[in-house]
Each structure stands twice: as structure tokens, then as C-alpha cells.
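This report refers to the structure that appears directly beneath it.
The values are calculated or read from the model by the stated rules, or taken from the named source; none is laboratory data. All values derive from a computational prediction rather than experimental measurement. Counting neighbours? That spans all protein chains shown, and the Cβs are built from the backbone with ideal geometry, glycine included. Side chains are part of the model used for accessible areas, which takes the heavy atoms of the whole protein and leaves out ligands, DNA and RNA. Shrake-Rupley method; radii C 1.70, N 1.55, O 1.52, S 1.80 Å.
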Amino acid sequence: GIMVVSTIYEIIGTIIDFQFKKTAAGIYSKEFLTSYLASQGQALTILSLIFALIGTSFVVRTLGVRISLLGFPLIVIACVFAIFLKPTLTVFFVAMVSIKAFSYTLNSPVKEMLYLPTSTEVKYKAKGFIDGLGCKTSKAGGSAITEIIRKYSGGSNLALLNIGTMVSFGIIGFWVVVAFNLGATYHNLVNKKQIIE
């Protein structure tokens, strides 16, 4: 469960990032594209800093770990839906900044809290596996999905958007179910003061 909530967004992020960069490359020359992508990094840093200082602890304290686990997939589904409705460069930009920023400032801290009811040995083994294999596998999965869609659609932006959106919604549906069940399990373990060995 922790692996899913820690890594599954990378699949969707990779699909959206490909669409974003393809859209941007169709508008900007190489020199301006580099500058534009750098502005994405700056916006990401600013949003992350603001939310980390003001929002993370407030959200987790107010909503608790169970509900906070569902916050990030809801943000991602809102971004995917916004892109589907209006696939402009600005919407892609905002979506990518939001997904990356909230993965750092909301998803990562909540994910770390999930390790509290585990032994030190389980924590380090699980974290090592998830951080070493999980993220890279998810990114590879997103790239494979994008390549399959691109290959069989003839590179059509519309096909990439439509199929990428359907795939993303399916992944998010699975993610929400896992996050909900993981939050309930975490809550039960903490209340019973049990440790997973």
C-alpha cells in the first residue's frame, strides 16, 4: 500500500509531462523552451515552499493521515480533468507544477507517517525497495504507456490526450481505493498501538 501511494502518481505525471513538453515544443523554439521549462521549476519551488511553510502541517493536523492520503489523488484527478477539458499550455503548466509540488509537500510527509507503526527493520527494507525500485518502475510504466499510445495513434495529440486521460482515471481509481484502505489500516494500527514486524 505504501508503495502505491508513494509511486503511482509518477505514471500519471510522466504521461502529463510528455504531453506538456510536446505542447510546449510546438509553441517555443529550443532556446525559449529551455527558459519556459526553467520557469516551471521556479514556480514549483515557490509553491512547494509556500505550502510546506503554511499548509502541510495544518492539513495533516486538521484532516488526519487517513483523509490527507486522499488529498493528493484528488489534486491529481483535478489536474487530469482540467487538462482533458482544456489542453492548453497554461493548464499543463499549472497541472505539472501542482502535481510535483504536492507530491513533495503533501504526499511525501504523509507517506513518511505511514512508517510509524512499523519496526525499524521493516521501515528501512520497505523504504529501500520503494525508493530504489518503485519510483523508477512507475516512471518507466508511464513512459511505456505514452510510447504505446504514441505508436498506435500515429503520434496524434488528441489520441494521446483521450487515451492518456482514460488510463490516468483508471490508475487514480485504483490509487484512491488503496489510499483509503491504507489510511484505515494505519488508523487501526496506531489506535491499537501495534507495530508491524
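Working from label points 7 Å from Cα in the Cα-to-Cβ sense, the Lys21 to Leu49 distance is 2.6 nm. Taking the average, over residues, of other Cβ atoms within 10 Å as the packing measure, peptides 27-39, 150-162, 10-22 rank 10-22, 150-162, 27-39 from highest down. Against the compact-protein benchmark of 2.2 N^0.38 Å, the Cα-based radius of gyration of the chain scales to 1.09.
Taking packing as the residue-averaged number of other Cβ atoms within 10 angstrom, the listed peptides 117-127, 89-99 run from highest to lowest as 89-99, 117-127. Helix 9-27 and the longest principal axis of the C-alpha atoms of the chain enclose an angle of approximately 20°.
Could you sort out which of Lys127/Lys192; Lys30/Lys127; Lys125/Lys192 sit more than 30 Å apart by Cα distance in this structure? Result: Lys30/Lys127 exceed 30 Å. For the chain, what's the relative contact order in percent, using C-alpha pairs closer than 8 Å and at least 6 residues apart? That works out to 42 percent.
Axis angle, to the nearest 10 degrees, between helix 56-85 and the longest C-alpha principal axis of the chain: 20 degrees.
Gain in length, Phe169 to Thr90, computed as 0.36 nm per residue apart minus the alpha-carbon separation, to one decimal in nm? Full extension of this stretch gives 26.3 nm more. Nearest 10 degrees, 0 to 90: what angle lies between the long axis of helix 157-192 and the longest principal axis of the chain (Cα atoms)? Its long axis makes an angle of about 10 degrees. Here each label is just a point 7 Å from Cα along the line to Cβ, and for Thr120 and Tyr28 those points are 4.7 nm apart. Each of Val177, Val59, Val110 has its accessible area taken with a 1.4 Å probe; listed largest first, they run Val177, Val59, Val110.
Pairwise Cα separations in region 60-148 fall into 5 Å bins from 0 onward with the following percentages, short to long: 3, 12, 15, 20, 21, 15, 9, 4, 2, 0.
Looking at the chain, the accessible area is 54 square angstrom per residue; that uses a 1.4 Å probe and ignores ligands, DNA and RNA.
The packing ranking, built from the mean of other Cβ atoms within 10 Å per residue, places the peptides 80-88, 128-136 in the order 80-88, 128-136, highest first.
Measuring r between the beta carbons of Tyr36 and Asn188 and using R0 = 45 Å, the FRET efficiency lands at 0.45.
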